[in-house]
Amino acid sequence: MIPVSSRAAGIEYAIRDVVVPATKLEAEGHEIIKLNIGDPIAYPGLPTPTHMVDAYMESLASGNNGYSPSYGLPMLRTAIAEDEISKGWNCTSDSIYVCHGVTEALQIIFAATLEEGTKVLAPGPHYPPYMAYPQMFGASTIEYALKSDDGWAIDLDDIEAKMDDSVRLLVLINPNNPTGNVAGAEEIDRLLEIASRWPNCMIIADEIYDGLDFSGKQVSVASRSKTVPVFTLNGVSKVYYAPGWRIGYMAIHDPSGVMVNVRDGIERLLRSRLCASTPAQMGYLAGLTGDRSWMDGHTSKVKARRKLCLERISTIDGLEVEEPGGAFYMFVRLTHPNWAADDKEFVLKLLHEEHVLVVHGSGFSQDKGRGHFRLVFLADEATLHEAFDRIEVFLNRHLLAKA
């Protein structure tokens, strides 16, 4: 048997790993209620805006299908920069790099900044690639705590205690995936102050859900930083409802001029992989430069579904949740000790017995996610009610069996 590399064998991605048993059940004829993946297109009533689709199709129809510049179409880079300026910082088009989704942007950043013995400091729980990818470059991910009993607020004291000379990247996901926590200006300022003491540390500000802030607190990290270098990450997938287009970007804020060599490395890596999809970039351009009033209707639906989930969870024995301030996830606590000790068993048994698919919390952090599960609250209201009915039946059945 030809061996697999250790870096590939060690990769886990819980959000999609749980799809494997669900697919087997579907092949047997079962219908699965899927609340596992943050793909707004998978749920009814939240389509990609027509003018963006039209721009994508026009690019195809006009033959605009060739390679584009490695750093992104100039028109799109300018539009992204203008959008970032509206968030409060002096962004320029040459600081924008368009990627094949935010995931590729992360891979490029890690490749350009990490080496053997370096560290990434990321929230726990967190989006899985922050744990999976750094190891490919000899680095390690250290989790800082989010306060599970305080709306998943950042534990800034924990960050301070874990910072050292080997930390190259300090990650803030805001709003957070999977918890929905939103960090405000005061927390961000404190985080930047901590980072400022370590001259080799850069911030990754993952702001892909910034337009889905229900708290009113979300602010651009770059807009708050006067000295600390910041990678802002964003894209078309969540707020513009086009995840399959795979267009994201990194915006580099380098107020102290210390990232010249890092930028050179990033540009070399981007040139070596050619470019992001040209027609998809044209679709995103239409979203940034066109009318955005459609967002109000989508956001109203998301808020209504969020409210429904909060109400249903509050009535079900065995579940608790900290109200999310943004994004479209809930990180639900399993209060019965049997499930709190093994959230993955809960997820798999719920899938097989009631055909409801969610993601085990330990898939977002073995330590800090244990005893929880993540659900996506984008399904229509009838589907959400049916899912919670089944979850309640499941919990009651197993509580009675253990009594």
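Structure above, values below:
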| quantity | calculated |
| --- | --- |
| Scope region 272-306; condition without any contact (Cβ under 8 Å) to a residue 40 or more places away in the chain and either hydrophobic (A, V, I, L, M, F, W, C) or more than 17 Å from L46 (Cα to Cα) (or both); matching residues | S272 |
| Index of the failed condition, S68 passing every other in (1) polar (S, T, N, Q); (2) at pLDDT 85 or above; (3) part of a helix (DSSP H, G or I); (4) over 21 Å from the mean Cα position of the chain (by Cα) | (3) |
| Number of positions in region 77-132 that are outside any helix (DSSP H, G or I) and hydroxyl-bearing (S, T, Y) | 5 |
| Breaking point among (1) within 14 Å of H100 (Cβ to Cβ); (2) crowded, with 19+ Cβ neighbours inside 10 Å, for S272 | (2) |
| Search result, residues across region 137-154 that are over 21 Å from G180 (Cβ atoms) and part of a loop (DSSP other than H, G, I, E, B) | G138, A139 |
| Sole residue being surrounded by fewer than 24 Cβ atoms within 10 Å (Cβ to Cβ) and within 20 Å of W152 (Cα to Cα), chosen from D342, D367 | D367 |
| Failed criterion for A205 (all others in (1) farther than 18 Å from S256 by Cβ; (2) touching a helix residue (DSSP H, G or I) at 6+ places or on another chain (Cβ under 7 Å); (3) hydrophobic (A, V, I, L, M, F, W, C) hold) | (1) |
| Those helices (runs of 4 or more DSSP H) lying entirely in region 324-403 with at least 3 residues in contact (Cβ under 8 Å) with a residue 40 or more places away in the chain | 343-354, 381-402 |
| Conditions (1) farther than 20 Å from A79 by Cα; (2) touching a residue at least 60 places away in the same chain (Cβ under 8 Å); (3) not aromatic (F, W, Y); number of the one not met by A222 | (1) |
| Which numbered condition S277 fails, given (1) modelled with pLDDT of 95 or more; (2) touching a helix residue (DSSP H, G or I) at 6+ places or on another chain (Cβ under 8 Å); (3) not assigned by TED's automatic domain parsing to the domain that holds A379 | (1) |
| Strands (runs of 3 or more DSSP E) wholly inside region 188-300 that include at least 2 residues being β-branched (V, I, T) | 202-206, 230-235 |
| Boolean, A183 is in a loop (DSSP other than H, G, I, E, B), touching a residue at least 12 places away in the same chain (Cβ under 8 Å) and either under 20 Å from M330 (Cβ atoms) or of a type outside the set (D, E) (or both) | yes |
| Any hit, region 110-118, residues being surrounded by 21 or more Cβ atoms within 10 Å (Cβ to Cβ) and of a type in the set (S, T, Y) | yes |
| Condition check for D150: out of contact with any helix residue (DSSP H, G or I) (no Cβ under 9 Å at 6 or more places or on another chain) and modelled with pLDDT under 95 | yes |
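Yes/no per residue for (1) closer than 21 Å to T278 by Cα; (2) among the acidic types (D, E); (3) not assigned by TED's automatic domain parsing to the domain that holds Y130:
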position	(1), (2), (3)
K34	no, no, yes
G63	yes, no, no
G66	yes, no, no
S70	yes, no, no
C99	yes, no, no
E104	yes, yes, no
G117	no, no, no
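The values are calculated or read from the model by the stated rules, or taken from the named source; none is laboratory data. In this text, all values refer to a predicted model and were calculated from it rather than measured experimentally. Counting neighbours? That spans all protein chains shown, and the Cβs are built from the backbone with ideal geometry, glycine included.
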